[in-house]
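The values are calculated or read from the model by the stated rules, or taken from the named source; none is laboratory data. Here the structure is a predicted model, which is why all the values come from computation and not from measurement. Cβ placement follows ideal geometry from the backbone for every residue including glycine, while neighbour counts extend to all protein chains displayed.
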Amino acid sequence: MKKKAMLAIIIALIMLTSTVSALALTGYTNWGPRIWTPYQGNASISSTYIRCALMKWNQASKTAYGIDDYWEFELRDDNIHSIYNGFTGSISNLPYFYEELNTTGSDNDDISFGVWHIKGITVEKSYYGQLDYGNNTGYYNYISHLLTFESEKGIWGIFDGLPTHYEQDTNSLRVYVATSKGW
Amino acid sequence: MRNKTFSDKKKVAAFFVTAVVLVALTAFALAMYHDALATENVQESPDVVKVLIGIRPSLSQEQALEYENNREDTARQFALDAPNKTSKALISFHEYFDTEQCNAALGEGVEIERVFIWVPGKEGRSIIRVTDNNVDSSIESYLNSLDYANSDDEVYKADMEELVDNYKIFAVTINGTNTKLSQLCDDENMFVNLVYSEPAEQQSKDLDIPISYICAPLKPDIVQ
């Protein structure tokens, strides 16, 4: 009796653990693109640039964005500032374009460019954004290293911005080896 | 004895069924919750205080003017409190400048960190790191480093071809003494916005998370 009861509990726990584990592997890391992300684009990297080009948004996205919403394209990794150093400039035809390279106070794990008023985009226009690194040598110390790129949407508050939605592609960009990913 | 065994079997079966039902219900609830998050990808805990150094889009013209006045008042107050201390500021020009006009407007005693350029009347911008306080050579060096001729993005290529010969400056970030920044506030051709926010700094300390200042200068055009 006790053995059977124990067996039932063990089976139940295994089922619960498997379910939770399966759920934990999905969700936050899957790439849509959903409504907060350009419906098409091409993310690419090299030793001298981080770029996302051929980006287009549709009317549904523009309508969904709030007036104080921002959007960012982020390249993420714990070693991102070793892989990319020696920033020289950024360039984009996006309106309200900004760069976000470093935060102060502690280490951070992403390099981004963004649009601080994303509702100001033009529907179906082809956009690009690029961060440039001149004589960057760190890149070649991380050959085959997997990088994550992310689309993030947030909202400006009274004095600070709060991220509200994001999606990530964790499996496509590898330093030097797999340098672009279109969708 | 037989009856007791049968009863035990019923209990085990009931226990097992209950356990399975409970697991199924828990999994269903977790799935619903997780699916909701996955669909929306809600980021529940921000890991950085992100501050917009610029005019929030939803502000009315009146509110924007009030914001500008408040920010310049803060810079003036900094000069009174700590005149020789160095602060960082985002300077937005009210008209496009060439490099000579930019240098003349800023005068002596500032370290230029970034210069913001683009073709007037056109959407987009380029933000360039300035080295050796030399705006002219920094812009030239950056634009020369871009391999746009071989790009398969025709929009980018066309923009670059136009930019190299037609760029103008609309903003810079600089480091200068509070006295110097306060003096620049008196120039009606520019808006001086300290790269600093007291409440954000406080929040950063309270939550022990880093702070990120987003420099967001408006261009003199309607087109941004």
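Take the residues in the stretch B:95-107 that are in contact (Cβ under 8 Å) with a residue 60 or more places away in the chain and in contact with a helix residue (DSSP H, G or I) (Cβ under 7 Å, 6 or more places away or on another chain), then tell me which one is farthest from B:CYS185 (Cα to Cα). Among them, the one singled out is B:THR99. Applying a threshold of 6 Å to beta carbon distances and a minimum spacing of six or more residues, or different chains, the list of pairs starting in the stretch A:76-91 at a residue that is in contact (Cβ under 8 Å) with a residue 60 or more places away in the chain and ending at one that is of a type in the set (A, V, I, L, M, F, W, C) and crowded, with 16+ Cβ neighbours inside 10 Å reads A:ASP77/A:LEU147; A:ILE80/A:ILE111. Within the stretch B:64-102, restricting attention to residues that are among the aliphatic types (A, V, I, L, M), assigned to a helix (DSSP H, G or I) and within 23 Å of the chain's Cα centre (by Cα), which residue is surrounded by the fewest Cβ atoms within 10 Å (Cβ to Cβ)? My answer is B:LEU65. Taking the stretch A:151-179 as the search range and keeping residues that are at pLDDT 90 or above, surrounded by fewer than 21 Cβ atoms within 10 Å (Cβ to Cβ) and in contact with a Leu (Cβ under 9 Å, 6 or more places away or on another chain), which one is nearest to the other protein chains (Cβ to nearest Cβ)? Looking at the filtered set, the residue picked out is A:ILE155.
Taking A:THR103 as the residue in question, decide whether it is modelled with pLDDT under 90, under 20 Å from A:TYR84 (Cβ atoms) and in contact with a Ser or Thr (Cβ under 6 Å, 6 or more places away or on another chain).
Numbers: modelled with pLDDT under 90: yes; under 20 Å from A:TYR84 (Cβ atoms): yes; in contact with a Ser or Thr (Cβ under 6 Å, 6 or more places away or on another chain): yes.
Yes; evaluated as a whole, the condition is true for this residue.
Tell me whether the stretch B:34-41 contains one or more residues that are assigned to a loop (DSSP other than H, G, I, E, B), at the interface with chain A (Cβ under 9 Å from one of its Cβ atoms), modelled with pLDDT under 95 and under 37 Å from the mean Cα position of the chain (by Cα).
Start the filter on the stretch B:34-41 by keeping residues that are assigned to a loop (DSSP other than H, G, I, E, B), which leaves B:41.
Checking which are at the interface with chain A (Cβ under 9 Å from one of its Cβ atoms) leaves us with B:41.
Filter once more, so that each one left must be modelled with pLDDT under 95: B:41.
Narrowing further to those that are under 37 Å from the mean Cα position of the chain (by Cα): B:41.
Yes: one or more hits.
In the stretch B:214-221 there is no residue that is free of Cβ contacts under 8 Å to residues at least 12 places away in the same chain and of a type in the set (Asp, Glu). Restricting the first member to the stretch A:111-133 and to residues that are at the interface with chain B (Cβ under 9 Å from one of its Cβ atoms) and basic (Lys, Arg), and the second to residues that are crowded, with 20+ Cβ neighbours inside 10 Å and not in a strand (DSSP E or B), the beta-carbon pairs closer than 7 Å and six or more apart or on different chains are A:LYS119/A:TYR65. If the condition is being touching a helix residue (DSSP H, G or I) at 6+ places or on another chain (Cβ under 8 Å) and within 30 Å of B:ALA82 (Cβ to Cβ), then the stretch B:144-176 contributes B:ILE169, B:VAL172, B:ILE174, B:GLY176. For the structure I just gave you, tell me whether B:ILE128 is among the β-branched types (Val, Ile, Thr), touching a helix residue (DSSP H, G or I) at 6+ places or on another chain (Cβ under 6 Å) and in a loop (DSSP other than H, G, I, E, B). Here the answer is no, as B:ILE128 does not meet what is asked.
Scanning the stretch B:108-133 for residues that are more than 14 Å from chain A (Cβ to nearest Cβ) and either among the charged types (D, E, K, R) or free of Cβ contacts under 8 Å to residues at least 12 places away in the same chain (or both) turns up B:GLU108, B:GLU111.
Right, B:GLU201: surrounded by fewer than 19 Cβ atoms within 10 Å (Cβ to Cβ) and more than 24 Å from B:GLU95 (Cα to Cα) or not? Yes.
The residue of the stretch B:49-63 that is farthest from the other protein chains (Cβ to nearest Cβ), among those that are in a loop (DSSP other than H, G, I, E, B) and touching a residue at least 60 places away in the same chain (Cβ under 8 Å), is B:ILE55. Is there a residue in the stretch B:155-165 that is surrounded by 18 or more Cβ atoms within 10 Å (Cβ to Cβ) and free of Cβ contacts under 8 Å to residues at least 12 places away in the same chain? Yes, the stretch B:155-165 has at least one match. Looking at (1) at the interface with another protein chain (Cβ under 7 Å from one of its Cβ atoms); (2) within 16 Å of the chain's Cα centre (by Cα); (3) within 21 Å of B:SER92 (Cβ to Cβ), can you tell me which one A:ASP68 breaks? It is condition (2) that A:ASP68 fails.
Could you list all residues from the stretch A:113-123 that are within 13 Å of A:THR37 (Cα to Cα) and assigned to a loop (DSSP other than H, G, I, E, B)?
Across the stretch A:113-123, the qualifying residues are A:ILE121, A:VAL123.
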